[in-house]
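Here the structure is laid out as structure tokens; the discussion comes afterwards.
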Amino acid sequence: MTDAYARDPMGNGAPLAPEVLDRLIPALRAHPTTLVFLAYDGAEAVGIATCFLGFSTFHARSLINVHDLAVLPGHRGQGVARRLLDAVERKARALGCCKLTLEVLENNAPARHLYTSAGFAQATYVEAAGGALFYAKPL
């Protein structure tokens, strides 16, 4: 599922490297905060939400970051992603988390619409400081 997402133009636009594919599942299993939610159509996995527990210092409580959310192209528009988000939210509430976080590409209009309709918005902590931006530094 993650490789299918990586191949999507709104993912990485390319397949995962063979060495990444070899390491991915063992590394996710070994990571202490991994949460993976899968959606099935019969026996076929059609959607995934790969999440990680984090921590909010401003709330002194855990949070869940939705790191990857993807649905196979043939199953999009059927509510699969929304049901995955709902499952993540239920888990977050059961764990006493203070919030859910995620990042989305600014040109991914369908995903942005989904997230907005599910109650997500650009993070703003103090109005005068503006909205939060996500930065990355490849190593």
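The values are calculated or read from the model by the stated rules, or taken from the named source; none is laboratory data. Quick caveat, the model's predicted, so the values are computed rather than measured. Neighbour counts are summed over all protein chains in view; Cβ atoms, including those assigned to glycine, are modelled from backbone coordinates with ideal geometry. The accessibility values were calculated without ligands, DNA or RNA, using every heavy atom of the protein model including side chains. Shrake-Rupley method; radii C 1.70, N 1.55, O 1.52, S 1.80 Å.
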Inset, instruction - Evaluate the following for residue 22: is it over 16 Å from residue 101 (Cα atoms), free of Cβ contacts under 8 Å to residues at least 60 places away in the same chain and in contact with a His (Cβ under 9 Å, 6 or more places away or on another chain)? - result: no
Legend entry - Pick from region 64-80, criterion in a strand (DSSP E or B) and free of Cβ contacts under 8 Å to residues at least 40 places away in the same chain, ranking: most open to solvent (accessible area, probe 1.4 Å): 67
Legend entry - Unique residue being open to solvent by 80 Å² or more (accessible area, probe 1.4 Å) and either more than 24 Å from residue 117 (Cβ to Cβ) or out of contact with any Asp or Glu (no Cβ under 8 Å at 6 or more places or on another chain) (or both) when the list is 6, 17, 43: 43
Inset, instruction - Test residue 113 against the stated conditions and say whether it is of a type outside the set (A, V, I, L, M, F, W, C) and either open to solvent by 80 Å² or more (accessible area, probe 1.4 Å) or within 23 Å of residue 29 (Cα to Cα) (or both). - result: yes
Legend entry - Any chance residue 95 is under 30 Å from residue 125 (Cβ atoms) and touching a helix residue (DSSP H, G or I) at 6+ places or on another chain (Cβ under 8 Å): no
Legend entry - Tally, over region 49-89, of residues that are more than 22 Å from residue 113 (Cα to Cα), of a type in the set (Gly, Ala, Ser) and out of contact with any helix residue (DSSP H, G or I) (no Cβ under 8 Å at 6 or more places or on another chain): 3
Legend entry - Count of residues meeting criterion [outside any strand (DSSP E or B), aliphatic (A, V, I, L, M) and within 23 Å of residue 5 (Cβ to Cβ)] in region 32-63: 1
Legend entry - Candidates 128, 94, 121, filtered to the one that is open to solvent by 40 Å² or more (accessible area, probe 1.4 Å) and in a loop (DSSP other than H, G, I, E, B): 121
